[in-house]
Each structure stands twice: as structure tokens, then as C-alpha cells.
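Notes follow once the structure below has been shown.
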């Protein structure tokens, strides 16, 4: 067994991640190519219908839910569901540790297996599963596109800030703040992408294997800009596809002022870090 598999299978009462896999087991040789990674904390109102919708649309994909000990029973529901469904998996962690921390755990879980790519998305339907096909089909050349069509794997970003992308349900103040943070990140970090804070993305595992993921310091929302900056330094290519981001209608947002300040600090200090 891969040492990482063993470390992820430790018991939750030791404060370490615990894995619940589907009936086929996590080492099934018939592993599909794609893994959807969803980080959760108190999302019981959304996760059952989201997981069902993903599987209805894309039955060959697998789903990994990373739950940080949700008091509302999100992790318990996923654990029960995963035992009956070989395509669904749960990585259960003790306590709320942040979106960045959860996503990186999902990357490492995927890299310990034979997936070709990982898709990250929010658990609250802000990222429409019906638009998942746009990320999955993004390698197909688009006519008259200004974005590169390349045979090399690239990070695909579901973007609110290119032609065809939009936001629904946000007040103007939040729209303004998000727009300017993304413009600042694009300029300051010398990125080619317009939506640098959105989490609806597809990452090729061939790229993730090359990235020093342990150098990512922000364990919250700021990891979103940080990993793009790191990937750009390591020669990654990027492609953006338009999506409609809809504010959640159930549950509560996890982002707060402290998270926003930490994300801005991460963006501001990234260029001053030594190159690896």
C-alpha cells in the first residue's frame, strides 16, 4: 500500500483524517480518470442533492468530499452514502481547518491514486454542476479564441470575469470588491487569468505532481491565488471558460473579514518569497 494511503486511513479520534470509500474500495484498478473534490463544513442542506446531480450528469466521475467534522451531520451522511456507492469517497478531518487545507488534502489523496485530473467546486451550488462540462471539454479548441489551445495539460478555470461569465445574487459592494481583488492579483502576480479567486477549476494531476504543494502557506481562501502563482512559476498554462456564479440559497457563507484580509496579505507578499 502507498504510504500516503496508510496515513489517510488513520482513525479520526487521533485527530488525523479518516477515509470512507465506496463499495469498490479506494484501490479499485478500474479507477476513472476524473475526481471531483468538494470541501464541506455544515453543508447538509446542499451536499446530498449536489452529489446526486454530479453523478446524474457525469456517472464516470468520482467524488471526494472532505469534511471538517461538520456538526450538522454532513460527514455522517457522506459516510453512509459512500459505503453504498463505489464512486463516492469521504475524507473526514477533525475540526475546521480551512478551504485551502482541505483542497490540498484532496490533491494528495488524488495523487496517491491514478486519476488524470481533479476538479474543485463549492459545496453550495454556487458552482453549477450543469456547467461542469465546460471545464471537462475545455481542451477542445474553440474557434477564434484568444486563449491558447495546447496539447499540454493546463489548469482550467471557471471564470466570472471573461465574456459570457457573470455573477448572480451578490450586492454591488461584493461584486466591486471581488472585481478589484482579481484585477490586483492579475497585475501584481503577473498572471494571465482574469478570475483568480474562483474555486471552480480543473487541475491535471500531471501538473500537481510537479508543484511543491507543501510551499502553499495560506490554508484558507487565499490558496486560490497562491496556487495559480506557484503553477505559473512552474510553467503551467491556463484556460478560462465562462460560468455563472450564483450566491448560495441554503446554508451560510464561510468567508469572513479575517479570511479576506489573509487572502490580500497572501497576494501582496507572494512576489517577495524566494523562488524554489
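Nothing in this text is a laboratory measurement; each read-out follows from the coordinates by a stated rule. The structure displayed is predicted, hence computed values, not measured ones. For neighbour counting, all protein chains shown are included, and Cβ atoms are generated from backbone atoms with ideal geometry for every residue, glycine included.
Take the Cα of residue 268, step 7 Å toward its Cβ, do the same at residue 114, and the gap between the two points is 4.8 nm.
Tell me, what is the FRET efficiency for residue 60 and residue 209 to the nearest 0.05, using R0 = 30 angstrom and their Cβ-Cβ distance as r?
0.85
To the nearest 0.05, how large is the calculated FRET efficiency for residue 248 and residue 180 if R₀ is 25 Å and r is the Cβ-Cβ distance? Once the sixth-power term is evaluated, E becomes 0.65.
Applying 0.36 nm per residue to the separation of residue 137 and residue 72 and subtracting their alpha-carbon distance, the gain on full extension is 19.9 nm. In terms of surrounding Cβ atoms within a 10 Å radius of their Cβ, 53, 201, 113 rank from fewest to most as 53, 113, 201.
Label-to-label distance for residue 192 and residue 52 is 4.2 nm, based on points extended 7 Å past Cα in the beta-carbon direction. Here the gap between residue 80 and residue 162, fully extended at 0.36 nm per residue and compared with their Cα-Cα distance, gives a gain of 25.5 nm.
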